[in-house]
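Read-outs: derived from the displayed coordinates by stated rules, not from any lab. Quick caveat: nothing in here was measured; it's all calculated off a predicted structure. Cβ atoms come from the backbone with ideal geometry, glycine included; neighbour counts cover every protein chain shown.
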Amino acid sequence: GGFFTGGGPAGGPPAAPPGSDTYKGWLFKWTNYLKGYQRRWFVLSNGLLSYYRTQAEMAHTCRGTINLSTAHIDTEDSCNIVLSNGGRTYHLKANSEVERQRWVTALELAKAKAIRMRNNQSDDSGDEEPASQSDKSELHGPLKTLSSKLEDLSTCNELIAKHGAALQRSLSELENLRLPADSGEKIKAVNERATLFRITSNAMINACRDFLDLAESHSRKWQRLLQHEREQRIRLEETIEQLAKQHNSLERACRGAPGPASAASSAKGSVQSAKGEASDEDEETEYFDAMEDAPAFITVTADPKHHRRSGSNLSGASEGHPEDWNLEDSVFESSNQSSYNESTGRDLLPRKRRRTRIPDKPNYSLNLWSIMKNCIGKELSKIPMPVNFNEPLSMLQRLTEDLEYHELLDKAVKCESSTEQMCFVAAFSVSSYSTTVHRTAKPFNPLLGETFELDRLEELGFRSLCEQVSHHPPAAAHHVYSRRGWTLWQEITIASKFRGKYLSIMPLGAIHLEFHSSGNHYVWRKVTSTVHNIIVGKLWIDQSGEIEIVNHKSKDKCQLKFTPYSYFSRDVPRKVTGVVSDADGKAHYVMSGTWDEKMECSKILHSSHGSTSTEGKQKTVYQTLSPKVLWRKYPLPENAENMYFFSELALTLNEPEERVAPTDSRLRPDQRLMESGRWDEANVEKQRLEEKQRAVRRRREAEAVVALEEGKDYEGYLPLWFERKVDAVTGELICVYKGGYWEAKDKQDWSVCPDIF
């Protein structure tokens, strides 16, 4: 079974004979503002859409490919198609609405089929045990059946040929007999039909022979491939078990060794190569490692008194007015001195007492290796996990935790200078990681259509709404409005891979922040999180990579670097450094700190090129005023270690609330049971909910197939409170809030909500 294939005339609709999994044709693809839409040859095959400049290029040069199993398909107007996958977006245009509809139908079907195949692969391999004997019988059984069926086909071929020839002979003999005229005519007609039958039979015989040859050659190839894959898997398992044993013995050796070795185990480090650049620097000097594309830099704190007197002589400095720093102190000082209660206004507005504890986490033991060894290289979202590895919050609630330090944005509203505002935005982007340092448990994967609201409009000035808008890939849309002068929105798709010793979690998608009065629009993306010691030892989390924050109005930028942990480094663990520069590339502030404790910013007075580093890069030396603390992490609540290391905000997120939507995470039964410590019941409930979701998905796929067969347009799943739009700033397809949720809450009209629990 398949959809359509065929080239079609140049620019015209592709031909559509059924019977294969390929669809080809010309479409116009948006390239850039200079060239606009350009005609390209597109090929849809095996769940992948590839394009070429010409048909001839198919033999050697593919210009780009998009995987449909994780892509969003959208239509803008009568002839346009928008495909997006992670950070990649294709804007396509067909010649006519009919042609566009054919492509959309083919793409939707290909996507459904690709997802189904991916699910089948994960379902088949989820519970497999490396028992080579059963594997062999599993493989040889179907091959044996296939061989016997091929033999039957071969026999049928011979019989058709034999009986066909006999029929032809009999009819020829009849024709030669002397019979009345009318019967002669009838015999002639029968003979013609027999000739047609023979031609058709011959065509079938040839097709069967080709199929037979193909199947025989492929079955041998499949056997070889399967054997190779099995050997690879066994080798990989052996390697990982060996690594686990080595890791274990290393840990034991570290615990027994004196001095630095014991520090290594307490620091929980992964061994990485040391750059060794810091050894040239003085112990007291603040040292910053090199950015990817920027020169390395050093900061030297200037004596503020001296610079206040000689400020007029700093004509050559990149910032000639240190007095500005003192004028701006009002905002910076307030950020430095405000306590938790002052900054959140909890003492000022005692609206509602919220809970400060949840039931202690039960002490159940579970062998992680027994579950994880069959999951190497797979998407984490595809592995059926018991709640034992979870924390009693959903991914939507974890996303909402980004707002824990929302007061940084309230302060940013008051900044007059855009570079100063950028410092607060940068501190806010780092603060979202502070809660992760001890949070090694996995949040619940939200069900499709699940929502989570956090209405703190009266107490803290903002209200937040999250919705799970896609299940494969798992994607959540988030919208926050603050009456204190800012709006934040994001759509995050979580990609995760188990790598044997560690787990990589890669959040894909941009975070947008807009300030109402100035119109400053900031965009940034999250860094990669890594969970170490998956198999043996104590789990620990690290953040690594770079964040580039861009103000699309003023073109200011901030480059932040999250340094991965290394036992050999002289740097403090979890270090974050960065520079805030304006549209001309002139540096204004240096950001420094750690993602689990605090962020500071120092105003740059003067910059100069220093000595060349060991790697041949020239270091920039920034002379700065003394640093100001912009953000400091709140202490964890008492007994946090027995409450999943939840922060004060996290403890309140799953607190039952009235009037929320029936799809709200607080009402999810398996999560509630887990929070209460009833894990066995939670596991049963989790399986029920996931099976219910799978049944809905199967029904939706069946509806898509029926719609295709009837030539109708099938819309697919549409989010409840969000809609897909092309973002004007990034050009990406993103789910944005379309309104209606808070109005529905006021009326308590939840008729649009599906029954997901």
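Tabulated data
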{"quantity": "Modelled FRET efficiency - R0 35 Å, Ser147 with Gln168, Cβ distances, 0.05 increments", "calculated": "0.65"}
{"quantity": "Linear extension gain, Cys208 paired with Lys188, 0.36 nm per residue minus alpha-carbon span", "calculated": "4.2 nm"}
{"quantity": "The stretch 22-117, relative contact order [Cα under 8 Å, separation at least 6], %", "calculated": "24 percent"}
{"quantity": "Mean Cβ neighbour count within 10 Å, used as a protection proxy, ranking 516-522, 430-436 highest first", "calculated": "430-436, 516-522"}
{"quantity": "Kirkwood hydrodynamic radius of the stretch 22-117, Cα pairs, Å", "calculated": "13.5 Å"}
{"quantity": "Cα centroid separation - the stretch 485-540 against the stretch 735-757, whole Å", "calculated": "27 Å"}
{"quantity": "Karplus 3J(HN,Hα) series, Hz, for the stretch 410-417 with 6.51 cos²θ - 1.76 cosθ + 1.60 (x for Gly, Pro)", "calculated": "4, 6, 4, 4, 7, 5, 8, 8"}
{"quantity": "Separation of the Thr54 and Lys555 label points, Cα + 7 Å toward Cβ, nm", "calculated": "3.9 nm"}
{"quantity": "Nitroxide proxy distance, nm - points 7 Å out along Cα→Cβ at Arg698 and Lys497", "calculated": "3.2 nm"}
{"quantity": "Unsatisfied cross-links (Cα-Cα over 19 Å) in the set Lys557/Lys603; Lys692/Lys745; Lys598/Lys628; Lys725/Lys745; Lys561/Lys598; Lys352/Lys633", "calculated": "Lys692/Lys745; Lys725/Lys745; Lys352/Lys633"}
{"quantity": "Karplus-derived HN-Hα couplings along the stretch 676-691 (A = 6.51, B = -1.76, C = 1.60, θ = phi - 60°), whole Hz, x at Gly and Pro", "calculated": "6, x, 9, 5, 5, 5, 4, 5, 4, 5, 4, 5, 4, 5, 5, 5"}
